[in-house]
Amino acid sequence: MPSTLDAQSAASPAPSSARPVHRKIGFKRKAAAYVSLTKPRVMELLLVTTLPTMIFAQRGFPDVVTMIATMVGGALAAGSSAAFNCYIDRDIDKLMNRTKKRPLVTGEVTPREALIFAWAIGVVSIAILLWGTNLLAAGLGVLAIFFYVVIYSLILKRRTEQNIVWGGIAGCFPVLIAWAAVRETVEWPAIVLFLIIFLWTPPHYWPLSLKYKRDYQAADVPMLGAVASARVVSSQVVLYAWATVACSLLLVPLGWAGIVYTAVALVAGGWFVYESHVLYAESQKPEYNDKKAMKVFHLSITYLTLVFVALAVDPFVGSPLMPVPGIPS
């Protein structure tokens, strides 16, 4: 799934001039190669949103079985999506410096092995969600994998500069899965959390695409940072940053958010928006470099982490600022 949230890939396989040499390696290295296929850093970020969402939905800690099943099932679903993505993008990964050491490029894992692995952990992930949560959560898990693999990796990534906007929807599913696992339905707060991640994905990923502009150009992947100027990209980052912060505050009038979440959303959001404006100002200079872009990229991760940590703490500290009848407090 994307995100960080996926800063990684893009649609019609480019011809490859040389096949990777598949070589025998030791068990530890082979295992590490399989783990690498799952893009663990992306998976970590997705899990940062999952547990807080469950706590927020439950207004406390959910039962252990539900919690573990959702976390493990969600992690494997994200890993399956990433492995499928590595399989699909193996032709362009070898053209980009950032991805040329991935296992399918180096030959540590064969395409057949990667495909079997992706299917296997995908099936296991849905089985775990079905066993430990409910049919809705498992169904959302299937939809998340489908969206990332088919809609993003196969259809959008190599065809449009807006690929990460719509493809980023896949990275929003973990909060829906988490909410459904606890409450057996999808309610307005879950949709708001979905939208927060949806709006956050472009200002998170587009600064990175500025840094790796030449990589994407070499692979003929139309990431916005590869086809537009820094000024255009940074202006979009500013707009999406503002939209993300505004959306994060919708939990207050919905009757769910208390003082901790609201304060963190405002302060962290203000920081995120400020640094986005700094990036825009930097993009106007003739001597523009990528340092400010990478600062916004890293800050965006910090911002999302802080907001979701606050989401987890909020139910234990006070009551919603704008209570609504029928909403748990």
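Inspect all residues belonging to the stretch 113-122 and state whether any of them is buried (at least 24 other Cβ atoms within 10 Å of the Cβ) and touching an Asp or Glu at 6+ places or on another chain (Cβ under 8 Å).
No, there is no match, as no residue in the stretch 113-122 is buried (at least 24 other Cβ atoms within 10 Å of the Cβ) and touching an Asp or Glu at 6+ places or on another chain (Cβ under 8 Å).
Which residue pairs have Cβ atoms closer than 6 Å, lie 6 or more positions apart in sequence or on different chains, and pair a first residue in the stretch 247-265 that is over 14 Å from L306 (Cβ atoms) with a second residue that is of a type in the set (S, T, Y) and at pLDDT 95 or above?
Qualifying pairs under 6 Å: V252/T262.
Can you confirm whether K94 is surrounded by 17 or more Cβ atoms within 10 Å (Cβ to Cβ), touching a Lys or Arg at 6+ places or on another chain (Cβ under 8 Å), basic (K, R) and more than 30 Å from V182 (Cα to Cα)? Break it down into steps so the answer makes sense when it comes.
Details: surrounded by 17 or more Cβ atoms within 10 Å (Cβ to Cβ): yes; touching a Lys or Arg at 6+ places or on another chain (Cβ under 8 Å): yes; basic (K, R): yes; more than 30 Å from V182 (Cα to Cα): yes.
It is true that K94 is surrounded by 17 or more Cβ atoms within 10 Å (Cβ to Cβ), touching a Lys or Arg at 6+ places or on another chain (Cβ under 8 Å), basic (K, R) and more than 30 Å from V182 (Cα to Cα).
So, in the stretch 261-293, exactly how many residues are in contact with an Asp or Glu (Cβ under 7 Å, 6 or more places away or on another chain) and either at pLDDT below 90 or not in a helix (DSSP H, G or I) (or both)? Full working, then the answer.
Kept after step one, since they are in contact with an Asp or Glu (Cβ under 7 Å, 6 or more places away or on another chain), are these residues of the stretch 261-293: 261, 288, 292.
Right, trim to either at pLDDT below 90 or not in a helix (DSSP H, G or I) (or both) and you get 288.
Residues meeting the conditions: 1.
In the stretch 274-312, which residues are over 22 Å from the mean Cα position of the chain (by Cα) and β-branched (V, I, T)?
Correct list: V278 only.
Only one of V35, V64 is surrounded by fewer than 19 Cβ atoms within 10 Å (Cβ to Cβ), out of contact with any strand residue (DSSP E or B) (no Cβ under 6 Å at 6 or more places or on another chain) and under 27 Å from P315 (Cα atoms); which? Give the derivation first.
Details: V35 fails: under 27 Å from P315 (Cα atoms).
Exactly one residue qualifies, and that residue is V64.
How many residues, within the stretch 62-91, are in a helix (DSSP H, G or I), more than 22 Å from L47 (Cα to Cα) and touching a Ser or Thr at 6+ places or on another chain (Cβ under 7 Å)? Write out each step before concluding.
From the stretch 62-91, those in a helix (DSSP H, G or I) are 64-88, 90-91; that's our starting set.
In the following step, the residues that additionally are more than 22 Å from L47 (Cα to Cα) were identified as 87-88, 90-91.
The next check asks that each one be touching a Ser or Thr at 6+ places or on another chain (Cβ under 7 Å); those that pass are 88, 91.
Count: 2.
For residues in the stretch 163-215 being among the basic types (K, R) and at pLDDT below 95, which is farthest from Q58 (Cα to Cα)? Steps first, please.
Step one: of the stretch 163-215, the residues among the basic types (K, R) are 183, 211, 213-214.
Filter once more, keeping what is at pLDDT below 95: 211, 213-214.
Working: K211: 40, K213: 43, R214: 46 Å.
The qualifying residue farthest from Q58 (Cα to Cα) is R214.
Quick one: in the stretch 156-176, which of the residues that are under 19 Å from P40 (Cβ atoms) and of a type in the set (A, V, I, L, M, F, W, C) is surrounded by the fewest Cβ atoms within 10 Å (Cβ to Cβ)?
Only one residue tops the list, namely F173.
If I filter the stretch 177-221 down to residues being among the acidic types (D, E) and more than 30 Å from S283 (Cα to Cα), which single residue comes out as surrounded by the most Cβ atoms within 10 Å (Cβ to Cβ)?
So in the stretch 177-221, the residues among the acidic types (D, E) come out as 184, 187, 215, 220.
Applying the additional criterion that residues be more than 30 Å from S283 (Cα to Cα) yields 184, 187.
Numbers: E184: 12, E187: 14.
Filtering the stretch 177-221 for residues that are among the acidic types (D, E) and more than 30 Å from S283 (Cα to Cα), the one surrounded by the most Cβ atoms within 10 Å (Cβ to Cβ) comes out as E187.
Restricting attention to the stretch 97-112, and to residues there that are surrounded by fewer than 20 Cβ atoms within 10 Å (Cβ to Cβ) and polar (S, T, N, Q), which single residue is nearest to the chain's Cα centre (by Cα)? Explain how you work it out, then say what you get.
Residues of the stretch 97-112 surrounded by fewer than 20 Cβ atoms within 10 Å (Cβ to Cβ): 97-98, 100-101, 106-107, 110-112.
From the residues that got through so far, the ones that are polar (S, T, N, Q) too are 97, 106, 110.
On the way: N97: 22, T106: 25, T110: 26 Å.
Filtering the stretch 97-112 for residues that are surrounded by fewer than 20 Cβ atoms within 10 Å (Cβ to Cβ) and polar (S, T, N, Q), the one nearest to the chain's Cα centre (by Cα) comes out as N97.
The values are calculated or read from the model by the stated rules, or taken from the named source; none is laboratory data. Computed from a predicted model, the values in this text were never measured in an experiment. A quick note on method: Cβ atoms are made from the backbone with ideal geometry, for glycine too, and the neighbour counts reach across all protein chains shown.
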